[in-house]
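**Q** One structure, pasted below without further comment.
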Amino acid sequence: MDQHTRTPHAETPHKISYGTYVLIWFGLLVLTALTVSLAGIELGRWVIITALVIASVKSLLVLNMFMHLRFEERTFRVFALVALGTLLIFITLTFFDYAFH
Amino acid sequence: MSSTSPGVAAGPHAHRDDVGSRLGMWLFLFTELILFGGMFIVYAVYRFTHPEAFHLAAAELDTFVGTVNTIILLTSSLTVAMSITAIQEGRKTFALTLVGMTILLALAFLVNKYFEWGHKFDVGIYPGAPELLAQPQGVILYFGLYFVMTGLHALHVIIGMGVLIYDFEAIRRGTINATSFVRLESGALYWHLVDIIWIFLFPLFYLLH
Amino acid sequence: MTQEAVSVHAGTRGFYEDTGKRTGIRAWIFSTDHKRIGLLYLMTMGVFFLLAVAFGFVMRLEMLSPGKTVVEAQTYNTLFTLHGIMMIFLFIIPGLPAVFGNFFLPILIGAKDVFFPRLNLLSWWLFLAGGLLALVSVFLPGGAADTGWTFYVPYSVRTSTNVLPALIAAFILGFSSILTGLNFITTIHRMRAPGMGWFRMPLFAWSLYATAWVQVLATPIIGITLLLVMVERWFGVGIFDPTLGGDPVLYQHLFWIYSHPAVYIMILPGLGVVSEILPVFARRTIFGYKFIAFSSVAIAAVGSLVWAHHMFTVGMSNTGMFVFSLLTFLVSIPSAIKVFNWVATLYKGSIVLEVPLLFILSFIIQFSIGGFTGLMLGALAVNIHVQDTYFVVGHFHYVMFGGTGFGLFAAMHYWFPKMFGRMYNKGPALASWFLTTVGFNMLYFPFFFLGYFGMPRRYYDYLPEFQTYHLISTVGSWVLVLGIIVMVVNLLIAYKRGKTAPANPWGGRTLEWTISSPPPTENFHDIPAVTTGPYDYSEYEQRQAEHP
């Protein structure tokens, strides 16, 4: 269990100030307001794209700041990319069937 | 090297590896992401094959209730994130307050959800309802996905609440403290994932009409 | 990799003596020791395997002659469903990782346990619960599930048989599999011994690593898919049912998004076992270590992108068919890289024909036949002709049983002395190798002809002109079962009365052979410092060169 020689002592984790958190939270609320107000406008096929882009930006804020992803070792970010990439590939390949019917 | 740890590996760790624990937690979160991802695939396909019906059905949902629930979850993410800073600074009471607030916000989300679902049931929108079955097939699929996806999300909210209550107790007893708080970090990570899922569910169901 | 550590524990029963504070069976079912958990899996999986073999045996008996031979048609449907569910979810998916991965992964990388030992125990409990639920569902009112292991909608939504318990069981088993994968990834990342760089890891560990990623990333899809079928059955929610607008083909997509990568969960550890055992009995440093290591990762990655080749006859778009056929062909590249490297390792080696190596040689040949017929199936035109025939059944039994199954037999005979501290008798072991290899090929090779001539899979009855092939196949099943019985009995006798095994009976160079047989609790008194690659036979090769 205990031979983690590459991290010989419990590392001092990154500490984030309350102010930063509140700022991020405020940013998330602004983005929510934006996406809700955009929903009222007729954007045609851009509706789904703008909604998904805004949702992705919000998720990135939560992932990087609330979940400390940007302060973790690089492995964590590689893992996250692998997981996300896998899901995107699953969706894309499924549409190789449905989009060409 | 550590020959101190006793008997079978269940004993206390002579050396902690918080990074490893968090790595494991993240891997678990990815499985949750892909679990929901499977439903997003179903959603994407049916939205693609029934665009008009999805448009129509989305108008049935109450954007206001959805927005309120979004704000509730985002705020709960804030409080649980702040609780980690609080515990790092050794401010136990403040940490307890923040985790407690998170749990209450989760409860508020569920109450909201309960009334939202209740209203749908009242107007005859529930799986197998004759009114719903009379609708075009795309609408049946939309509401099928709506109930399953928000339902499974709500189940995750409940599980997350359980985890946070457990962490609350651990902070109170002092097993989560300024030098050992990876359990709170894991609980918070799980909670943020619940938030992220909702960040996508919200526009896909409530805003695309 | 030194031999000194051996003497310290020599002559003891190693971890078997250290029961913690518990006694009897509780020292096993509540133990978080990775070795005990590995053996728990071996016991439970062994029981499920033998049951599933028995089901297969009865199925073959039924196919001996056209029409009813021994069982009714509905019983036959139940038999192939249970045979599939148990072999896949209870034997071959957990298979090598759960038994040999649990027992040996920490030892191979120089660690004392896996990263999350309690989670590891939970995985086994979930496995047991899922397995028992699948078994119990057979006897509940309503009758055993008759959907085949694929649970295709809309039939699985409508049949009155006990599909729900079977679905829940598969869901629980998937969860168990995810937890094992997650545990192994974290273990490999965080717990390698000093000096154990990524490219000094034994290749079995590499294959487990690739497998674990597939377990973590693909299994949730089957979880959610089965869950969707459950809510469809429970609440009548419209998801896949065509009467509610659902698309049954979408179910098939989701099912195979998991279940095709799942066949790589099944075969990758088998490929790892070959790479592990081959150099030891060829007394040669493995040829192309990095190619083998990366080909495991490549198989896991590309293998996750080919699922719809199970669906070429369901009316997919032509673009979809083309893309999935092309991707399918790509998987053969890393697979072939492995086979070439194995053969190159044997070339000019000082081959010692011990039982584990014989199983490996059977593996390589059978896996090659399975892989080659897989290519035929990946070709669109051929696939349309043989889809859902015995050809497909023959193909996957060649890969899954001829490959992974024989890999498991090889691993069993290779690591048995280490796991139990006893040697088995070579004579009966040789006989079991001979009988299983002959029986296996007799049983499944006729399937290719049957399928090519048009015999559909899962059919209870058949035309008289197929009988010769079915007859050969059924006789083959008798030989195969005899071989399995000889093997099990031989190993059980060895477990009871075998001679005490030395620490390193085969001349292996990896870390498990530096500790006593059976290993002590926590494996290593001092965590070893690793200074060489895993299959360092350079000294041996040099000696051979000087004194041939």
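The values are calculated or read from the model by the stated rules, or taken from the named source; none is laboratory data. Model, not experiment: these values are computed from the prediction. Note that we place each Cβ from the backbone using ideal geometry, even for glycine, and neighbour counts take in every protein chain shown.
**Q** Being at pLDDT 95 or above and among the hydroxyl-bearing types (Ser, Thr, Tyr) is true for just one of B:Thr31, B:Thr63, B:Thr4. Which residue is that?
**A** Values: B:Thr63 fails: at pLDDT 95 or above; B:Thr4 fails: at pLDDT 95 or above.
Testing whether each residue is at pLDDT 95 or above and among the hydroxyl-bearing types (Ser, Thr, Tyr) leaves just B:Thr31.
**Q** Quick test for you: out of C:Ala411, C:Ala431, pick the one residue that is buried (at least 20 other Cβ atoms within 10 Å of the Cβ), in a helix (DSSP H, G or I), touching a residue at least 24 places away in the same chain (Cβ under 8 Å) and not basic (Lys, Arg).
**A** On the way: C:Ala431 fails: buried (at least 20 other Cβ atoms within 10 Å of the Cβ).
Only one candidate passes the filter, namely C:Ala411.
**Q** Just to be sure, is C:Arg60 touching a helix residue (DSSP H, G or I) at 6+ places or on another chain (Cβ under 6 Å), at pLDDT 90 or above, under 25 Å from C:Gly272 (Cβ atoms) and charged (D, E, K, R)?
**A** No, not satisfied.
**Q** Okay, moving on. Considering only region C:121-137, I want to know if a residue exists there that is modelled with pLDDT under 95 and either closer than 30 Å to C:Leu511 by Cβ or not in a helix (DSSP H, G or I) (or both).
**A** no
**Q** Identify, by number, the condition in (1) over 30 Å from C:Pro242 (Cβ atoms); (2) out of contact with any Gly (no Cβ under 6 Å at 6 or more places or on another chain); (3) modelled with pLDDT of 95 or more; (4) away from chain C (no Cβ under 14 Å) that B:Leu193 doesn't meet.
**A** (4)
**Q** With C:Glu512, C:Glu541, C:Glu522 as the choices, which residue is over 25 Å from the mean Cα position of the chain (by Cα) and outside any loop (DSSP other than H, G, I, E, B)?
**A** Numbers: C:Glu512 fails: over 25 Å from the mean Cα position of the chain (by Cα); C:Glu522 fails: outside any loop (DSSP other than H, G, I, E, B).
Exactly one residue qualifies, and that residue is C:Glu541.
**Q** When region C:67-81 is examined, which residues are found to be touching a Leu at 6+ places or on another chain (Cβ under 7 Å) and either assigned to a helix (DSSP H, G or I) or not hydrophobic (A, V, I, L, M, F, W, C) (or both)?
**A** The answer is C:Thr69, and nothing else.
**Q** Tell me the residue from C:Ser325, C:Ser335 that is polar (S, T, N, Q), within 14 Å of chain A (Cβ to nearest Cβ) and either surrounded by 17 or more Cβ atoms within 10 Å (Cβ to Cβ) or part of a loop (DSSP other than H, G, I, E, B) (or both), please.
**A** C:Ser325
**Q** Right, next: Take the residues in region B:40-68 that are part of a helix (DSSP H, G or I) and either of a type in the set (Asp, Glu) or under 15 Å from the mean Cα position of the chain (by Cα) (or both), then tell me which one is farthest from the other protein chains (Cβ to nearest Cβ).
**A** Step one: of region B:40-68, the residues part of a helix (DSSP H, G or I) are B:40-49, B:51-58, B:63-68.
Still in the running and either of a type in the set (Asp, Glu) or under 15 Å from the mean Cα position of the chain (by Cα) (or both): B:52, B:66.
Numbers: B:Glu52: 13, B:Gly66: 9 Å.
For region B:40-68, the residue satisfying everything is B:Glu52.
**Q** Ok, one more. Scan C:Ala308, C:Ala301, C:Ala262 and give me the residue that is part of a helix (DSSP H, G or I) and without any contact (Cβ under 8 Å) to a residue 12 or more places away in the chain. Give the derivation first.
**A** Numbers: C:Ala308 fails: without any contact (Cβ under 8 Å) to a residue 12 or more places away in the chain; C:Ala262 fails: without any contact (Cβ under 8 Å) to a residue 12 or more places away in the chain.
Exactly one of C:Ala308, C:Ala301, C:Ala262 is part of a helix (DSSP H, G or I) and without any contact (Cβ under 8 Å) to a residue 12 or more places away in the chain, namely C:Ala301.
Results for (1) under 25 Å from B:Thr75 (Cα atoms); (2) at pLDDT 95 or above; (3) in contact with a Gly (Cβ under 6 Å, 6 or more places away or on another chain); (4) charged (D, E, K, R), shown as yes or no for each residue.
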position: B:Lys113; (1), (2), (3), (4): yes, yes, no, yes
position: B:Gly124; (1), (2), (3), (4): no, no, no, no
position: B:Pro130; (1), (2), (3), (4): no, no, no, no
position: B:Pro136; (1), (2), (3), (4): no, no, no, no
position: B:Leu141; (1), (2), (3), (4): no, yes, yes, no
position: B:Met149; (1), (2), (3), (4): yes, yes, no, no
position: B:Ala154; (1), (2), (3), (4): yes, yes, no, no
position: B:Val157; (1), (2), (3), (4): yes, yes, no, no
position: B:Val163; (1), (2), (3), (4): yes, yes, yes, no
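**Q** Let me ask you something else. Condition (residue is of a type in the set (Lys, Arg), surrounded by fewer than 24 Cβ atoms within 10 Å (Cβ to Cβ) and farther than 30 Å from C:Arg190 by Cβ) applied to region C:49-71: is it met by at least one residue? Show your work before the answer.
**A** Keep residues of region C:49-71 that are of a type in the set (Lys, Arg), which gives C:60, C:68.
After this cut, where a residue has to be surrounded by fewer than 24 Cβ atoms within 10 Å (Cβ to Cβ) as well, the list is C:60, C:68.
Now restrict to residues that are farther than 30 Å from C:Arg190 by Cβ: C:60, C:68.
The answer is yes; a qualifying residue exists.
**Q** Can you tell me which residue in region B:59-104 is surrounded by the fewest Cβ atoms within 10 Å (Cβ to Cβ), limited to those that are of a type in the set (A, V, I, L, M) and without any contact (Cβ under 8 Å) to a residue 40 or more places away in the chain? Give the derivation first.
**A** Residues of region B:59-104 of a type in the set (A, V, I, L, M): B:59, B:61, B:65, B:68, B:71-74, B:78, B:80-82, B:84, B:86-87, B:95-96, B:98-99, B:101, B:103-104.
Filter again for without any contact (Cβ under 8 Å) to a residue 40 or more places away in the chain, leaving B:71, B:78, B:82, B:86, B:98, B:101, B:104.
Numbers: B:Ile71: 17, B:Leu78: 25, B:Met82: 26, B:Ala86: 23, B:Leu98: 25, B:Met101: 17, B:Leu104: 14.
Selected residue: B:Leu104.
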